[in-house]
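I have a structure I would like to understand better, so I am pasting it below and will then ask my questions one at a time.
The numbers here are math on the coordinates, done by the rules we state, and not lab data. This one's a predicted model, so the numbers in the text were calculated from it and none came from an experiment. FYI the Cβ positions are ideal-geometry reconstructions off the backbone, even for glycines, and counts take in every protein chain you see.
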């Protein structure tokens with residue numbers, strides 16, 4: 001290794017040390033009575049609304065740089081030979097006046113059955129209690145809706161827009177509500193799958209020591225097409241943040 005290379009590595013390490021020293025690691029674990037993603041049940045093995053899932057992950061923020069990476073996991077049951085969803089993501093947060101902005105890349109990975117694997121680019125803007133977030137599919141398929149592994153159809157360019165509101169309305173009580181819209185790619189729509197709207201209305205209570213208890217009614221429209229997976233459910237979630 002040449003002196004020039006060693007010097008370059010030394011400069012890069014010196015630049016990285018402040019970020020490493022100020023990095024912040026947080027973790028979370030949850031137990032929920034039903035895992036819904038964009039209004040849809042992620043457990044097709046049960047017909048009742050009680051479909052418990054164990055969830056958890058971590059976030060690693062590189063100090064005040066705005067850069068972050070993370071991982072989140074949940075038990076699922078909607079793909080053959082699969083029982084785990086693992087999300088890997090990374091992005092950059094910054095401010096524009098009073099607006100907090102967030103851009104990044106997120107990969108949904110399903111061990112045992114990769115047909116559901118999906119990758120999205122996302123961008124979000126938060127102003128006070130309001131957040132608008134848009135996610136755009138860049139992988140070949142969107143959660144196996146197009147069946148890209150077995151057909152020529154593609155799920156790429158499916159978009160999801162979510163508008164959320166979170167505000168403390170009483171001491172330790174935070175109101176949380178959101179509405180989302182899924183616009184499928186042209187290939188998925190041509191296969192007869194309709195765009196749909198999902199919703200979430202609930203609240204969370206801070207129990208102290210990083211523990212919170214949340215309850216929400218979550219569901220989506222177009223039940224005549226999607227069936228019970230879009231049915232409104234009362235979901236209770238206990239979360240511990242470390």
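For residue 93 and residue 105 in the same chain, what is the full-extension length gain: residue separation times 0.36 nm, less their Cα-Cα distance, in nm?
Values: separation 12, 0.36 × 12 = 4.32 nm, distance 1.23 nm.
Between residue 93 and residue 105, full extension yields 3.1 nm more.
Another question about this same structure. Which value, to two decimals, describes the C-alpha radius of gyration of region 202-242 once divided by 2.2 N^0.38 Å?
1.55
Residue separation times 0.36 nm, minus the C-alpha to C-alpha distance between residue 231 and residue 179: what's the value? Kindly include the intermediate steps, with their values, before the conclusion.
Working: separation 52, 0.36 × 52 = 18.72 nm, distance 1.49 nm.
That pair, residue 231 and residue 179, stretches by 17.2 nm at full extension.
So, one more: Quick one: what do you get for region 25-241 if you divide its Cα Rg by 2.2 N^0.38 Å?
Numbers: Rg = 17.4 Å, N = 217, 2.2 N^0.38 = 17.0 Å.
Here the answer is 1.02, to two decimals.
If each Cα of region 80-183 is one equal point scatterer, what is log10 of I(q)/I(0) from the Debye formula at q = 0.10, 0.12, 0.22 Å⁻¹?
-0.38, -0.52, -1.15
Still on this model: Could you tell me how many degrees, from 0 to 90 and to the nearest 10, lie between the Cα long axis of helix 3-21 and the main elongation axis, the longest principal axis, of the Cα atoms of the chain?
60
Tell me, what is the FRET efficiency for residue 140 and residue 24 to the nearest 0.05, using R0 = 41 angstrom and their Cβ-Cβ distance as r?
Details: r = 35 Å, r/R0 = 0.85.
Once the sixth-power term is evaluated, E becomes 0.70.
At residue 83 and residue 130, where each label point lies 7 Å from the Cα along Cα→Cβ, what is the point-to-point distance in nanometres?
Result: 4.5 nm between the two label points.
Report Rg/Rh for region 25-137, rounded to two decimals, where Rg is the Cα radius of gyration and Rh the Kirkwood radius.
Numbers: Rg = 15.8 Å, Rh = 15.6 Å.
Ratio of gyration radius to Kirkwood radius: 1.01.
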